[in-house]
Amino acid sequence: MIYKKYGQTFQQIRKQFGVSLAELSTIGIQKSTLSNFERGKSMMTFDKVILSLQYLGVSLEDFENFLNRYNSIDPLYLLDSVEEVIISNHSEKLPELLRVSEREGYKFISLAIKNVLGEVSSQETEEIVDYLYRIEVWSYKELCIFYLVIESLKSSDIIYLLRNFFKNNHDLFNSKKYQSYVGQLSCNAVVILSDRCFKDEAKEILDNIKRMI
């Protein structure tokens with residue numbers, strides 16, 4: 001499991017402070033959730049990780065430093081954290097995630113976060129567009145970046161990218177996970193294009209989704 005090292009590191013910190021799972025669960029996180037996280041069976045949400053670290057008196061920065069003794073921050077974990085922060089409406093945590101992505105050298109994740117923060121320059125937006133145009137094999141990472149920046153893209157770029165995506169990435173729809181994420185991305189694109197009076201193109205995207213799923 002890609003999250004195993006996060007749970008293992010968390011467990012080492014917890015035991016070092018002599019805190020039991022039962023004691024930690026008093027902050028409102030189920031003991032089973034903590035246990036599954038430490039054993040690498042599931043990932044806790046970003047807010048729960050932060051809450052647990054606060055109880056232990058450990059900063060997010062320190063936790064990241066402990067993790068780096070074993071491996072660098074996984075880009076998928078970072079993107080999941082960004083999405084969780086956005087969904088939970090805790091945008092004040094985005095600057096810290098931006099610092100982490102810049103430190104780890106994840107250029108386009110960094111630019112995507114800057115875009116969400118409204119701090120991306122026109123030149124950086126062009127870099128993101130060029131990056132998305134170069135993608136031939138899409139993965140979760142690329143889909144996340146596209147999702148995070150889509151509202152800042154020109155309508156013509158959104159239409160072009162999604163047309164090529166549906167044309168060349170049929171295999172992704174064999175995965176339920178990807179079906180769900182492409183569905184979210186496409187629905188967002190439909191809303192944006194409809195608001196911009198590109199209703200025919202929005203309908204085309206919906207038809208593609210119906211055909212693929």
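The values are calculated or read from the model by the stated rules, or taken from the named source; none is laboratory data. Since the structure is predicted, the reported quantities are computational estimates derived from the model, not experimental observations. Ideal geometry is used to build each Cβ from the backbone, glycine not excepted, and the neighbour counts take in all protein chains shown. Accessible surface is based on the protein model in full, side chains and every heavy atom, while ligands, DNA and RNA are left aside. Shrake-Rupley method; radii C 1.70, N 1.55, O 1.52, S 1.80 Å.
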Exercise for review: Give the shape of region 103-213 as rounded, prolate or oblate, defined through the alpha-carbon gyration tensor: a ≥ b ≥ c are the square roots of its eigenvalues, a/c under 1.5 means rounded, and otherwise the shape is prolate if a/b is larger than b/c and oblate if not.
Suggested key: oblate
Point to revise | chymotrypsin sites (Phe, Trp or Tyr not before Pro), loop per DSSP, at most 15 other Cβ atoms within 10 Å - longest free stretch of the chain | key: 71-213
Review point. Accessible area per residue of region 152-213 at 1.4 Å probe, in Å²?
Key: 58 Å²
Check your understanding: For region 8-167, which whole-number percentage of the solvent-accessible area (1.4 Å probe, protein heavy atoms only) is attributable to carbon and sulfur atoms?
Key -> 47 percent
Revision key, fill the gap. Yeah, region 1-122 with a ≥ b ≥ c from its alpha-carbon gyration tensor (a/c under 1.5 is rounded, else prolate when a/b outruns b/c, oblate otherwise) is prolate
Revision key, fill the gap. Honestly region 8-55 on the Cα gyration tensor test (a ≥ b ≥ c root eigenvalues; a/c under 1.5 rounded, otherwise a/b vs b/c for prolate or oblate) is just rounded
Practice item. Pop out the ³J(HN,Hα) list for region 137-153 in order, Karplus 6.51 cos²θ - 1.76 cosθ + 1.60 with θ = phi - 60°, rounded to Hz; leave Gly and Pro as x. Key: 10, 8, 10, 4, 4, 5, 4, 4, 4, 4, 4, 6, 10, 4, 5, 9, 8
Review point. Assigning unit charges at the beta carbon (Lys, Arg +1; Asp, Glu -1) and nothing else, what dipole magnitude in debye, to the nearest 20, does region 78-184 show about its Cα centre?
Key: 320 debye
Exercise for review: Pairs of Cα atoms under 8 Å, at least six residues apart: use those to get the relative contact order of region 42-185, whole percent.
Suggested key: 18 percent
Check your understanding: Which option, (1) 17.7; (2) 21.2; (3) 18.9, is the value of Kirkwood radius over Cα pairs in Å that was calculated from these coordinates?
Key -> (3)
Study note, to complete from the structure: Heavy-atom accessible area per residue of region 1-144, all protein chains kept, 1.4 Å probe, expressed in Å², is 51 Å²
